[in-house]
Amino acid sequence: MRMRNIIVIWTPIKETQKKVLMNTKTLAAVFAGIMLASCSGTKTSVNDLATSLPIETSINLMQVVNDKAPVVINPGRFTEETVVYHIPKVIPGTYSVSDFGKYIDDFKAIDYKGNVMPVTKTDTNTWTIKNAKELDKITYLVNDTFDIEEEGGIGKEEPFSPAGTNIEPNNYVLNLHGFIGYFDSLKNNRYKLDVTAPADFIRTSALQNTGSKTSEDGTSVTTSYLATRYFDITDNPMMYGDLSVEEFQVGDIKIVLSVYSPNKIHTAASLKETIFKMMQAQKAFLGDINSTPRYDIYLYLSEEKEESPKGMGALEHHTSTVVVLPESMDEEELAESMVDVVSHEFFHIVTPLSVHSEDVHYFDYNNPTFSKHLWMYEGVTEYFANLFQVNQGLVDEKEFLNNMMQKIQGSKRLDDAMSFTIMSENVLKEPYKSQYLNVYQKGALIGMCIDIIMREESSGNRGILSLMKELSNKYGKNKPFEDDKLIDEISSMTYPSVHEFLTTHVVGDIPINYNEFLNKVGLEIGEGQVETNYILMDGVPIVSGDPQTSSIFFTDAVLQNSFWADSGAQPNDIIKTINGTDLSIQNANQVLQSVFMWKTGEDVEVKLIRDGKEVIIKTKTTPTYTTGENIVEKADATAEQKSMREAWLKG
């Protein structure tokens, strides 16, 4: 899953969002008053039929009341006296507690005579049913999560928006882990799912469609799906409603793009060309890695309303991704965001789809253990999402290096002296939980360093992409690796220098000296003029907030921003309005996001309050700079180092 560049979400002090777009990938900044928010029952009496008889499930969207959808689970006949039913506590790819059981109401067990049976709720996500031989079915109502989200994110123990659910008259985001649970030992049973919805709804899902039936009055259609096991239920989201959908081929992969824009500002057709070009470039970058014949993208565009989802970003599935972004973005901004967000998610077809540990393969939704290798699952994936753009000419070398520099700066604001493997394995607990964002910063940089090492050792012929291809060929989606053996295995497949790097900087807790690796390709970290943003510098906001007055004001950093300094802004100036819109802590999320998106040449008018008097800035935006560190070419870079850089970025 991923947070990324592009979107800056401003809220009163809260935790950082899980997939919130970062400075050129994940933005995370905290300051006073404001915060950047930027994977034991036997089912029937005849044991050998256990896996051939599917668990029959249904969701009826025609019977929704108060945003609650009825669900029926018919497991077949049990032979044991007691069975346990779970709704997921944690889902793959989120690395945080969601507790989907909190959103289940009116849970009932019904016997074969139609009577309600006693049920014990043993924890938030678990129900125990005794006398289970008499159990015919269970029923319950599912609340959606979108309209009850707080401004939260990682650490909030609520579903991250792209992992959540939406039940509204015109749109249903069916992340099925929020609707359908499992019986203890029956996760490998097949599931039959019937979804009943209005006949005029557009519906998209990659689950196997086994047919549809229209009601006698023609108002509803029930679509039947088949999942080979519970994992496929959780790994194949759906979207129903007033959607726009585009299908197209990228090589041998069918892409299905589904978009919900409540005010019809954006459509799948308007994004099709952007997604096509991006995925064409990704396929060219990946070469012969091909692990899916179809990839689904579900884009939910969020309005600026209290009941709208607030966690901007995306969550990966093996062959799809759910994306939540603001509907208020213009076409160019949305296209840029989709490239940053979706490219990361698509690269997950490499890892964890093709390369993953036993923790991922045999994921326990209610008592999960976590792999030590988030540096690979999320870090290398994030690195690829940056590298492919320069490799395929979507961005130039300068922009790529600037993105890497932002990650270096971001990683140093987190705990740079923490073992990455220990953090990964303990990601649900503090002090590791609050360091999760570093998988997108330092994790990507770990990938970069390994890539450069391998290029040097192989005279430019091998890099981390070739390593991931070799791991994919050895394992693949149906064969997990042993978590504790991966480092040694990678070392045996590569070079002693890779082993030294991994044991020192990934297993160990020694911070990385990035100049040591950049020097190999004729680069270094140097001081100079750096292009920056109108609201963030080095990932840190140049504004803060006063909770007592609800006002937003410039910090001392405003003097280091050439646009604002040249325009006459001063520290402690209260920002009264921006382009005619009053600014306060309450609407900072929306207004400052628009400032983050300003482009050169825009007309802007900002009213400030300085010492009780109004000051007006009325001008056109110009490129804005600050003084800081950046990755630049060494003055004495050799031809050999430049050749190695070419192999690294373009090989």
Counting only DSSP beta bridges with both partners in the chain, the antiparallel fraction in percent, to the nearest 5, comes to 85
Relative contact order in percent for region 225-346 (Cα pairs under 8 Å, 6+ apart) equals 24
So, relative contact order of region 533-623 in percent, Cα under 8 Å, 6 or more apart, is 25
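Quick one: divide the alpha-carbon radius of gyration of region 48-235 by 2.2 N^0.38 Å and tell me what you get. Spell out each step's value before the answer.
Details: Rg = 16.3 Å, N = 188, 2.2 N^0.38 = 16.1 Å.
That works out to 1.02 for region 48-235.
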Amide H neighbours of K576 at under 5 Å, excluding residues fewer than 5 places away on the same chain, with H built from the backbone geometry, are K607, L608, I609
Sorted by chain and then number, the residues having a modelled amide H within less than 5 Å of the amide H of D296, at least 5 places away or on another chain, are V256, S320, T321
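Order of 508-516, 468-476 by packing, highest average Cβ count within 10 Å first?
Values: 508-516: 15.1, 468-476: 17.1.
Answer by packing, highest mean first, reads 468-476, 508-516.
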Taking a straight Cα-to-Cα line shorter than 16 Å from K469, and setting aside same-chain lysines fewer than 8 residues away, one finds K283, K477, K479
Length gained, N115-E332, 0.36 nm per residue minus C-alpha separation, equals 72.4 nm
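Percentage of Cα-Cα pair distances in region 206-349 greater than 18 Å, rounded to whole percent? Please report the intermediate quantities before stating the final value.
Working: 6114 of 10296 pairs.
Beyond 18 Å sits 59 percent of the P(r) for region 206-349.
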So, with points 7 Å from each Cα along the Cβ direction, the K133-K398 label distance in nm works out to 7.8
Expected vector for region 370-381, Karplus 3J(HN,Hα) from phi with 6.51, -1.76, 1.60 and θ = phi - 60°, integer Hz, x for Gly and Pro, equals 10, 5, 7, 10, 4, 4, 8, 4, 9, x, 5, 4
Computed for the chain: size of charge dipole around the Cα centre, +1 on C-beta of each Lys and Arg, -1 on C-beta of each Asp and Glu, debye to nearest 20, value 1040
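Order of R190, R455 from fewest to most other C-beta atoms within 10 Å?
Working: R190 17, R455 24.
The order, fewest Cβ neighbours first, is R190, R455.
Under the rule of -39500 (n - 2.57) per DSSP H run of 4 or more residues, summed and divided by the residues of the chain, what mean residue ellipticity at 222 nm is obtained, to the nearest 500 deg cm²/dmol?
Values: 15 runs with 155 residues, N = 651.
For the chain, the value works out to -7000 deg cm²/dmol.
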Residues W598, W564 in order from fewest to most other beta-carbon atoms within 10 Å are W598, W564
Projected onto the charge dipole of region 97-209 (unit charges on the beta-carbon of Lys, Arg, Asp and Glu, signs +1, +1, -1, -1), the Cα from I202, I167, I138 with the largest positive-side position is that of I138
Per-residue Cβ contact counts at 10 Å, fewest first, order E327, E149 as E327, E149
Quick numbers on region 239-284, Rg and Dmax over C-alpha atoms in Å, give 11.5, 35
Given the candidates T267, I487, A569, the one whose Cα lies deepest towards the positive end of the charge dipole of the chain, counting +1 at each Lys or Arg C-beta and -1 at each Asp or Glu C-beta, is I487
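Mean projection of the alpha-carbon convex hull of the chain over all orientations, in nm²? Before the final figure, lay out each step's value.
Values: hull surface 119.0 nm².
Mean shadow area of the hull around the Cα atoms is 29.8 nm².
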One finds the C-alpha centres of region 497-568 and region 245-263 to be spaced, in Å, by 36
Treating only Lys and Arg (+1) and Asp and Glu (-1) as charged, each at its beta carbon, one finds that region 48-235 has a dipole about its Cα centre, in Debye to the nearest 20, of 640
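Of all alpha-carbon pairs in region 533-623, indicate the percentage at a distance above 16 angstrom.
Details: 2052 of 4095 pairs.
When all Cα pairs of region 533-623 are counted, 50 percent exceed 16 Å.
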Phi-derived 3J(HN,Hα) across region 340-357 with the Karplus relation (6.51, -1.76, 1.60, θ = phi - 60°), rounded Hz, x for Gly and Pro, is 5, 6, 6, 4, 4, 5, 5, 5, 5, 5, 7, 9, x, 4, 9, 10, 7, 8
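Go through K89/K474; K264/K607; K576/K613 and tell me which ones have a Cα-Cα distance over 21 Å in this structure.
On the way: K89/K474 32 Å; K264/K607 32 Å; K576/K613 11 Å.
Over 21 Å Cα-Cα: K89/K474; K264/K607.
Sorted by packing (mean other beta-carbon atoms within 10 Å per residue), highest first, where do 226-237, 170-181 land?
Those peptides, ordered most packed to least, come out 170-181, 226-237.
Bear in mind these aren't lab numbers, they're just calculated from the coordinates by the rules spelled out. Predicted model, so just to flag it, every value in this text is computed and none were measured. Backbone-built Cβ (ideal geometry, glycine too); neighbour counts: all protein chains shown.
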